[in-house]
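Novice: Input: one structure, supplied below.
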Amino acid sequence: MTKWVIAVRSLIYLLGQILSTLILGPIMLVLWPAPFRVRYGAANLWVRFNLWVLRAVCGLRYSVRGQEHIPQGHSGLILCKHQSAFETLVLQVIFPPVVFILKEELLRIPFWGWAMATLEPIAIDRAAKAKALKQILRVGAERIHDGRWVVLFPEGTRVPPGSRGRYGSSGGMLAQRAACPVIPVAHNAGEYWAKNGFMKYPGQIEIVLGPLLDGAALSAAEINQQAEEWIEREI
């Protein structure tokens, strides 16, 4: 497939994403008084639509292994490799409902930010590191106890395939505080959808869910170490 064909298909996906976001934003504002499950269900339609366009137009599919590790009837912490925007979509289908930890300024983006704000994310000020950590631990534990999966990218930012960032310690601290299950996630999405990349290359993204780590039995340091070792080994 030539580059220009991939570029045209990527443009169609982008237009579809923009249009669906313009439609979703006002709808989510109207639904703000509704129960969380209603708001999350509406937002998840947007997620599934975008994944469908990726598959139907761009030829970008995905497979998931290790779903048997997700404990039934429990919520917890997801420690995921971050390479592209793709995993922010697909995790919402694999682990519903999920809550993201994100920069608070993202909620000021018209339409997309409005919709995200209704899903009760953990919006932090990255410049105030001590305050942000306390917020992640306190609010993150509340969200987990409310039955939601908290998504944390331990490297803090998107890292290209073949690279490795410094893993932070907040994941293990949150898991220990909430005494919750932890599932590490590895994938190769960056090979098809690069960081801040426009091109969406056809192929199949592989997503692997690792063995469950017990936040009630392991120390914060053990959780972080075992999650990092598994993710990097699987990558």
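Computed from the coordinates by the stated procedures, all read-outs in this text should not be read as laboratory data. Predicted, not measured: the structure shown is a model, and the values here were computed from it. Note that each Cβ is placed from the backbone with ideal geometry, even for glycine, and that neighbours are counted across all protein chains shown.
Novice: With a ≥ b ≥ c taken as the square roots of the eigenvalues of the C-alpha gyration tensor of the chain, please select rounded if a/c is under 1.5 and otherwise prolate if a/b is larger than b/c or oblate if it is not? List each step's numbers first, then the result.
Specialist: On the way: a/c = 1.71, a/b = 1.23, b/c = 1.39.
It comes out oblate by the Cα gyration axes.
Novice: Let me ask you something else. Please list the helices of the chain that count as membrane-span-like by this rule: a mean Kyte-Doolittle hydropathy of at least 0.5 together with Cα atoms stretching 18 Å or more along the helix axis, each helix being a complete DSSP H run. The partial results should precede the final answer.
Specialist: Working: long enough: 3-30 (41 Å, 1.66); 36-56 (30 Å, 0.31); 129-145 (24 Å, -0.30); 220-234 (21 Å, -1.27).
Membrane-span-like by this criterion, though nothing is claimed about a membrane: 3-30.
Novice: Which lysines does LYS103 reach when only Cα atoms under 27 Å apart count, and residues fewer than 8 places away in its own chain are ignored?
Specialist: Counting by Cα, and skipping residues close in sequence, LYS103 has these lysines nearby: LYS81, LYS129, LYS131, LYS134, LYS195, LYS200.
Novice: How much length is gained on full extension from ILE235 to LYS3, taking 0.36 nm per residue of separation minus their Cα-Cα distance? Numbers along the way, then the final one.
Specialist: On the way: separation 232, 0.36 × 232 = 83.52 nm, distance 2.68 nm.
Difference between extended and current length: 80.8 nm.
Novice: Assuming R0 = 35 Å, what is the FRET efficiency of SER219 and ASP125, from their Cβ-Cβ distance, to the nearest 0.05?
Specialist: Using R0 = 35 Å, I get an efficiency of 0.80.
Novice: Taking every alpha carbon pair in the range 192-235, what does the distance histogram look like in 5 angstrom bins from 0, in percent?
Specialist: Reading the bins upward from 0: 5, 17, 18, 16, 14, 12, 10, 6, 2.
Novice: Using helices alone, I'd like the mean residue ellipticity at 222 nm for the chain: each DSSP H run of four-plus residues gives -39500 (n - 2.57), total over residue count, nearest 500.
Specialist: -14500 deg cm²/dmol
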